[in-house]
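Written out below as structure tokens is the structure these notes cover.
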Amino acid sequence: MTTRTALVTGGTGGIGTAIVQRLASLGHRVATNFRDEAKATAWQAQMKDQGFDVTIVPGDVTDYASADAMVRAVETAIGPVDILVNNAGITRDGTFHKMNPKQWHDVISTNLDSCFNVTRQVIDGMRERKWGRIVQISSINGQKGQYGQANYAAAKAGMHGFTISLAQENAKFGITVNTVSPGYIGTDMVMAVPEEVRAKITAQIPIGRLGKPDEIAYAVAFFMPDEAAWITGANLSANGGHYMGW
Ligand code: CAA
């Protein structure tokens, strides 16, 4: 496989780390962004110990100018971005009648505005070079909704609307744009859900367990090879059978 330059936003998190490692294992040059330099440097050292050489650059995906500087820094370090995984995301759960504007805006800006802010920085280069892979990490809860997640479900559903529009606009430029919709994965984000609530959710998963981060990374990697050139605008569910929409 040709070596490409990949940027995974939020790559130091649970699913992000698995995506970074899998893309690096495929031979790609991989970068991610950070807001907390000390934490990211420690994470980078851990990656190095495990045999992964990952570039880290400062960048806040909620801010357009910061996303611009972040992408330019990646280009300088390892070359123009061929693969973008919009993975950075947060939750601020709460039932809607109790939700405050900050909970709403924090989630929409981190999970959805980020897709505009970061993708806008790489799209011209991909179009010029006639090759690109863009993957949004959405969620099962963008597909089915979730009690306590009006903000998150709205952002995650919005990500797929973004995917299918970009897929159409960029199809003639060798760029595929797809979504991966993870179900409940055993990450800090899901472990933060109160235990009794989480137990009820896990009981609804036909496969009978939470997913593993690498099971999402595998789904992301599926879109990378040249053989996947005809797959664009797709939403790939990876959720243990928890939601079987089509
Ligand atoms: N369906 C119906 N009723 C539900 C419900 C559900 N799914 N979940 C909770 N309720 C009910 C409770 O039984 C309770 O009812 P009673 O008052 O009659 O006892 C009531 O709702 C509680 O409502 P409150 O407004 O008082 O809720 P709260 O403020 O205590 O907290 C919550 C509610 C924050 C939503 C909490 O239930 C929660 O954390 N739920 C999990 C949300 C979730 O799945 N988050 C996913 C995070 S991980 C992630 O997002 C990754 C990914 O992509 C999958």
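Coordinate-derived values only; no laboratory data. Only a predicted model underlies this, so the values are computations on that prediction, with no experimental measurement involved. Don't worry about glycine lacking a Cβ; one is built from the backbone with ideal geometry, like all the others, and counts go over all protein chains shown.
Proximity of backbone amide H atoms, modeled 1.01 Å from N, is registered between residue 132 and 175, 176 at under 5 Å, excluding neighbours fewer than 5 places apart on the same chain. Listed by chain and number, the lysines placed with their C-alpha closer than 29 angstrom to that of residue 102 are 39, 144, 156, 200; residues fewer than eight positions away on the same chain are left out. Across the stretch 145-159, rounded Karplus estimates of 3J(HN,Hα) from the backbone phi angles (6.51 cos²θ - 1.76 cosθ + 1.60, θ = phi - 60°) give x, 7, 3, x, 9, 4, 5, 5, 5, 5, 5, 5, 5, x, 4 Hz, Gly and Pro being marked x. Reported to the nearest whole Å, the Cα centre-to-centre distance from the stretch 5-29 to the stretch 182-215 is 22. For the stretch 11-27, the Karplus equation 6.51 cos²θ - 1.76 cosθ + 1.60, evaluated at θ = phi - 60°, returns couplings of x, 8, x, x, 5, x, 4, 5, 5, 4, 5, 5, 5, 5, 5, 7, x Hz by residue, with Gly and Pro reported as x.
Taking a ≥ b ≥ c as the square roots of the Cα gyration tensor eigenvalues, the stretch 124-210 comes out prolate, since a/c reaches at least 1.5 and a/b is larger than b/c. Going through the stretch 169-231, which chymotrypsin sites (Phe, Trp or Tyr not before Pro) have at most 13 other Cβ atoms within 10 Å and a DSSP loop state? Here the sparse-neighbourhood loop sites are 230. Sequence-distant contacts, meaning Cα pairs under 8 Å at least 6 residues apart, place the relative contact order of the chain at 19 percent. Working ranking of peptides 136-143, 89-96 by packing, defined as the average number of other Cβ atoms within 10 Å per residue, highest first, is 136-143, 89-96. The stretch 123-142 and the stretch 86-104 have Cα centres lying 24 Å from one another. Label separation (residue 25 vs residue 50): 1.0 nm, computed from points 7 Å beyond Cα along the C-beta direction. Taking a ≥ b ≥ c as the square roots of the eigenvalues of the alpha carbon gyration tensor, the chain is rounded, as a/c is under 1.5. Rounded to the nearest 20, the size of the Cβ-charge dipole of the chain about its Cα centre is 380 debye, with Lys and Arg at +1 and Asp and Glu at -1. Taking the Cα centre of the stretch 94-207 as origin and assigning +1 to Lys and Arg Cβ atoms and -1 to Asp and Glu Cβ atoms, the resulting dipole is close to 260 debye.
Helical runs (DSSP H, four residues minimum) scored at -39500 (n - 2.57) apiece and divided by the length of the chain put the mean residue ellipticity at 222 nm at -14000 deg cm²/dmol. Axis of helix 114-129 versus longest Cα principal axis of the chain: the two differ by about 30°, to the nearest ten degrees.
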